[in-house]
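K.L.:
Okay, here's the structure, questions in a sec.
None of the figures in this text is laboratory data; all of them are computed from the coordinates on show. Quick caveat, the model's predicted, so the values are computed rather than measured. Glycine gets a Cβ as well: all are built from the backbone with ideal geometry, and neighbour counts include every protein chain shown.
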């Protein structure tokens with residue numbers, strides 16, 4: 001199976017108030033965490049990542065995916081193309097506060113190679129990482145790195161997804177706070 005990134009112009013960032021079927025995605029790296037109040041799954045996919053949080057009867061699924069990726073529309077909270085920087089702050093019921101920031105950063109080839117090297121180096125100590133194959137245009141393929149910091153009531157997920165063909169890095173930070 002070819003493991004190449006989609007084009008950056010095809011990406012969307014979505015949040016659902018439900019779980020998404022795992023069969024919809026090809027997972028390249030994943031991690032599960034369980035705490036007293038929640039269960040968290042995070043996975044790297046070709047276009048970015050999928051994060052699913054189960055907290056009692058509430059379920060959230062965050063996904064950065066290609067726009068043509070067939071995903072359900074039921075209980076979709078928002079869907080935005082990843083074409084510029086944006087942020088969201090949403091209360092989910094009375095139990096969860098969801099905050100996210102997405103930032104696009106351009107980088108020349110030398111700087112992009114340095115960023116990719118740093119992501120691979122960081123992955124030796126923590127986080128999820130996957131290096132994709134080159135599309136053929138450049139000598140190196142994209143890298144996805146996801147760092148998960150999970151406490152009892154606060155979860156912070158930072159992700160970096162490089163798109164060498166577009167000389168771009170998609171940075172995302174999501175903070176989930178479980179309220180009482």
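K.L.:
Please give the peptides 30-36, 165-171, 115-121 ranked by average Cβ packing (other Cβ atoms within 10 Å per residue), highest first, as a rough proxy for protection.
P.N.:
Highest mean packing first, the order is 165-171, 115-121, 30-36.
K.L.:
Something else now. How high is the relative contact order of region 97-180, given as a whole-number percent (alpha carbon pairs under 8 Å, six or more residues apart)?
P.N.:
36
K.L.:
Here's another thing I want to ask about it. Provide the FRET efficiency to the nearest 0.05 for the residue 33-residue 90 pair, computing r from the beta carbons and using R0 = 30 Å.
P.N.:
0.90
K.L.:
If I model a spin label at residue 54 and residue 122 as a point 7 Å from the Cα along the Cα→Cβ vector, what separation in nanometres do I get?
P.N.:
That separation, rounded to one decimal, is 2.9 nm.
K.L.:
Sticking with this structure for a sec: Can you tell me, using C-alpha contacts under 8 Å and at least 6 residues apart, the relative contact order of region 1-139 as a whole percent?
P.N.:
27
K.L.:
What's the angle, to the nearest 10 degrees (0 to 90), between helix 109-122's Cα axis and the longest principal axis of the chain?
P.N.:
For 109-122 against the chain, the angle is about 50 degrees.
K.L.:
Return the whole-Å distance between the Cα centroid of region 138-180 and the Cα centroid of region 28-62.
P.N.:
13
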